[in-house]
Amino acid sequence: MFGWIALAIIVLLLILILYPGNLYRWLMRSVRRSAGLNCRKVTVGRHQIVYLEGGTGPHLVLLHGFGANKDNWIRFAKHFTPSYHVIIPDLPGFGDSSYFQDEEYDVESQAERLIDFFNALKLEEFHLVGNSMGGQIAVAYTMKRPGRVLSLTLFNAAGVQEDKPSEMSRLLEKGTNPLVVREASDYSELLKFVFYNPPDFPAVVMKGLAADAVRHTSSNERIFQQLLGKWVPLEPLLPKIESPVLIIWGDKDRVFDVSCADRFEKGLKYSKKVVFENCGHMPMLEMPDKSAEVVRDFIGSIRY
């Protein structure tokens with residue numbers, strides 16, 4: 001019997017060595033489970049949307065940014081699954097959700113898909129959180145279904161005019177998009193761009209993330225052009241939002257200048273602004289504990 005166990009272990013190790021992608025997927029499943037999250041999927045229209053779900057209590061929905069996926073929220077979400085029902089989708093076109101070349105993935109199109117996604121999950125009221133592009137989509141959704149959003153949290157959200165051009169704005173003018181990875185070896189440069197202090201990912205995780213980024217190069221390039229071509233400016237929409245809004249920004253953001261946080265604050269009726277020092281474009285991943293504490297205090301104070 002012990003011989004069979006030893007053989008099984010050897011076979012497993014060989015599989016992990018010869019196919020390192022399997023180790024990456026195994027590690028991610030383990031990390032998700034430790035955060036109280038399970039991977040699920042649902043079909044909405046043509047799209048199969050893959051999402052993480054866990055916990056019980058008030059509903060909390062987390063939306064990732066451009067080129068990212070549901071796993072960006074795991075370190076943050078683990079603080080909420082003990083007392084909230086957490087939903088984290090891969091937005092269509094990203095992560096493990098489906099992508100079709102003949103469809104549009106601009107902000108308005110994604111907001112419409114979210115309506116169908118939430119209906120499929122029978123979510124009536126929830127707290128909504130978005131990072132970067134996900135924040136812009138969250139605002140667009142809130143305008144379409146205002147009564148459903150108990151609170152809105154925006155992490156370094158897209159959609160408002162910068163008072164000072166960011167480094168990404170200057171690079172885009174020169175024809176360079178720092179958010180699209182074309183070679184696996186370039187992935188570390190992306191991390192340096194979006195983080196002030198990049199998280200220390202294990203080598204196998206770095207390889208998995210880089211491989212996933214390269215797998216989405218073509219679709220990311222196309223989606224980015226759709227986002228620009230059908231850009232949704234949020235300034236005219238902000239005064240119409242009745243939900244309380246928490247604005248969180250990293251002061252070292254190279255994607256959207258920190259001056260955007262002031263723009264959001266000035267445009268909203270009921271808002272609170274928090275700026276993290278020495279933090280980049282993704283505070284929920286760079287400073288997950290601090291981010292979770294601020295968000296938990298904010299949404300916990302809301303009476304409904």
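Just so it is clear, none of the values below were taken in a lab; they were calculated from the coordinates. Fair warning: this is a prediction, and the values are worked out from it, not measured in the lab. So basically every Cβ, Gly included, is an ideal-geometry build from the backbone, and we count neighbours across all protein chains shown.
Subtracting the Cα-Cα distance of N278 and W231 from 0.36 nm times their residue separation leaves 14.0 nm of extension gain. Per the Debye formula on identical point scatterers at the alpha carbon atoms of the range 149-198, with no solvent, log10 I(q)/I(0) at q = 0.12, 0.23, 0.32 Å⁻¹ is -0.38, -1.02, -1.25. Listed by chain and number, the aspartates and glutamates whose alpha-carbon sits under 15 Å from that of K122, ignoring those within fewer than 8 places in the same chain, are E53.
Would you mind checking the tilt of helix 217-229 against the longest principal axis of the Cα atoms of the chain, expressed as 0 to 90 degrees and rounded to 10? Approximately 10 degrees, to the nearest 10.
Cα to Cα, under 17 Å, and not fewer than 8 places away if on the same chain: which lysines meet these conditions relative to K272? Qualifying lysines at Cα under 17 Å: K240, K290. Distance between the 7 Å Cα→Cβ label points at D116 and E221: 2.8 nm. Think of each Lys and Arg Cβ as +1 and each Asp and Glu Cβ as -1; about the Cα centre, that makes the dipole of the chain roughly 680 debye. Computing Rg and the Kirkwood Rh from the Cα coordinates of the range 17-300 gives a ratio, Rg/Rh, of 0.93. Here the ratio of the Cα radius of gyration of the range 47-197 to 2.2 N^0.38 Å is 1.08. For each pair in K230/K273; K70/K252; K252/K273; K78/K144; K144/K266, compute the distance between the two Cα atoms and list the pairs where it is over 18 Å. The pairs that break the limit, which is 18 Å between Cα atoms, are K230/K273; K70/K252; K78/K144; K144/K266.
Based on every Cα atom in the range 16-98, Rg and the maximum pairwise Cα distance Dmax equal 13.1, 43 Å. Residues considered: A203, A140, A111. Largest GNM mean-square fluctuation over the chain, using C-alpha springs under 10 Å, is found at A203.
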